[in-house]
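A short write-up of the structure that comes next.
The values are calculated or read from the model by the stated rules, or taken from the named source; none is laboratory data. Predicted, not measured: the structure shown is a model, and the values here were computed from it. Reconstructed Cβ throughout: ideal geometry from the backbone, glycine too, with neighbour counts over all protein chains shown.
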Amino acid sequence: MSLLARTVKESTNFNTKIALLLIDINRFYRINSVFGYDVGDEVLRKFAILLANVCREQDHVARIGDNTYAVILNGVMNVGHAELAANKILSLLQSPFEFQDRKIYVDCTIGISLCPLHASNYLFLMKECESILHEAKESNQRIAISKVPEEDVIPDDFDIELALADALQNDELLVFYQPKIALDSGGVVGMEALIRWKHSYKGMIPPGYFIPIAERTGNIKPITYWLLNSVLRQTAEWTDKWGPLSVSINIPPDFILMADFKDSITNALNLWKNDNVNLTLEIVERSLVVDPERCFSALEELRALGVSISIDDFGTGYSSLSYFENLPVDELKIDRSFVSDLVTNSSSRNIVKLIIDLAHAFDMEVVAEGAEDARTVEVLKGLGCDIVQGFYYAKPMPQDQIKKWLLEFGGNSD
Ligand code: C2E
Ligand code: MG
Ligand code: MG
């Protein structure tokens, strides 16, 4: 029985997971033809040693074709572990192989499949991994991972859910800030705080992925209060006086009607005594639909604390015009989907114009999200938009960078 077959069998018997990495050295024939077969053989030898260095005691490396190697990782917890090993291989290859006075840069493509996640026996696993390696090469990716069938996605979410519970304690959450620019003055008027999760081995996990999971599992509450307090603390510590600037945080739908929400905001504001920033709470339209009247009075109470209210992703949810008369809101943020094709799509332009006029009619400011180029900013200006937040000016960045950025951009420092 082959090594792969035996390992797969053991993994099923012991209920562990194994990962198969198929690794092709790219353009190996070029090395042979340019430097000769001796050098080619030496490259293979050094490459095998490099792979062995990435492996642990329980893992295996084998050469299975002219320029193809298989690595079997035993007892991996999830896809992230295998990806980490693949990334390590690529990072080691950043240094060239040295032969006498010659340096040769070697490059490879890696396909990854897990058993039992992607295939339950060694033949299928091999076949699956070969096909993902082929896909990687076709699409010029350096690493490709087999896709999980749709109905099996939940276990991975489950991993995330468990890890998310520890993320706060392990200091894996970070705050990034993205500036907001006033179109009339060209100055910075504020920034949005956006959460980031630097997972110990999966790397950066985007909020669009983990926030919905946190909302489902209840973790969103400690996360939101952690973010609120971190933002107020960090910006209060800034020695440059920017301001005051507004700083927005995203508030999940259920929070407005939570009994302790107003108190949590009041406590955080009192605790951090922050003169550098004015707090803005970004809510989404669907927060308001369940019980608009109670929501409106809760929002009024929050505004009485000196907090501003903004409606995020405006235009994508359910909004009734009749709301507007009583809506206790200071700002509308136009969803990126209308902004991104503003220059080329006249119906997006019409919608944006409508939102801007509507907001102004009710004394609200308008922020356009997701402007990525000068032309879009010009069109927004022409349509009467007040504020822009987008990659054209800056991407979200960590607090040490945003401080530098504000200095260079010439914020409202005095
Ligand atoms: P959002 O609140 O609408 O945030 C704006 C998103 O648009 C951010 O994505 C930002 O990076 C992105 N963006 C801004 N300008 C551009 C641009 O020019 N081009 C493109 N392509 N994207 C742009 P991010 O940070 O990935 O956040 C995604 C969503 O996750 C947020 O949408 C928000 O709904 C949620 N989120 C982020 N941080 C938090 C948080 O602390 N709490 C909660 N509850 N949700 C959060
Ligand atoms: Mg937002
Ligand atoms: Mg938004």
Take the residues in region 385-400 that are surrounded by 15 or more Cβ atoms within 10 Å (Cβ to Cβ) and not aliphatic (A, V, I, L, M), then tell me which one is farthest from VAL343 (Cα to Cα).
GLN399
Report every pair of residues separated by at least 6 positions or lying on different chains whose Cβ atoms are under 7 Å apart, first residue within region 292-314 and in contact (Cβ under 8 Å) with a residue 40 or more places away in the chain, second of a type in the set (A, V, I, L, M, F, W, C) and more than 16 Å from ligand 1 (Cβ to nearest atom).
LEU305/LEU269
Tally up the residues in region 301-336 that are in contact with a strand residue (DSSP E or B) (Cβ under 9 Å, 6 or more places away or on another chain) and either on the phi < 0 side of the Ramachandran plot or more than 16 Å from ligand 1 (Cβ to nearest atom) (or both), please.
24
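Okay, residues lined up against (1) under 20 Å from ALA165 (Cβ atoms); (2) surrounded by 13 or more Cβ atoms within 10 Å (Cβ to Cβ); (3) within 16 Å of ligand 2 (Cβ to nearest atom):
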site	(1), (2), (3)
GLU215	yes, yes, yes
GLY218	yes, no, no
THR224	yes, yes, yes
LEU227	yes, yes, yes
ASP260	no, no, no
ASP263	no, no, no
LYS273	no, no, no
LEU281	no, yes, yes
Please go through region 60-118 and pick out each residue that is within 18 Å of ILE25 (Cα to Cα), part of a helix (DSSP H, G or I) and touching a residue at least 60 places away in the same chain (Cβ under 8 Å).
GLU83, ALA85, ALA86, ILE89
Among the residues of region 119-148, the number that are of a type in the set (Gly, Ala, Ser), farther than 17 Å from LEU84 by Cα and assigned to a loop (DSSP other than H, G, I, E, B) is 3
Kindly establish whether ILE256 is within 12 Å of ligand 1 (Cβ to nearest atom) and either over 21 Å from LYS333 (Cα atoms) or hydrophobic (A, V, I, L, M, F, W, C) (or both).
no
Would it be correct to say that GLY243 is exposed (fewer than 15 other Cβ atoms within 10 Å of the Cβ), touching a residue at least 40 places away in the same chain (Cβ under 8 Å) and within 22 Å of PRO396 (Cβ to Cβ)?
no
Restricting to region 172-193, what's the tally of residues that are more than 23 Å from the chain's Cα centre (by Cα) and not in a strand (DSSP E or B)?
5
Can you tell me which residue is surrounded by the fewest Cβ atoms within 10 Å (Cβ to Cβ) among those in region 357-373 that are within 16 Å of ligand 3 (Cβ to nearest atom) and closer than 18 Å to VAL284 by Cα?
GLY370
Can GLN100 be described as over 35 Å from the mean Cα position of the chain (by Cα) and either at pLDDT 95 or above or surrounded by fewer than 14 Cβ atoms within 10 Å (Cβ to Cβ) (or both)?
yes
Going through region 374-404 in order, the residues found to be within 14 Å of ligand 3 (Cβ to nearest atom) and of a type outside the set (Val, Ile, Thr) are GLN389, GLY390, PHE391, PRO396
Taking ASN53, is it under 23 Å from LEU114 (Cβ atoms) and assigned to a helix (DSSP H, G or I)?
yes
Specify which of the listed residues (PHE314, PHE324) is within 16 Å of ligand 3 (Cβ to nearest atom), aromatic (Phe, Trp, Tyr) and over 21 Å from ARG375 (Cα atoms).
PHE314
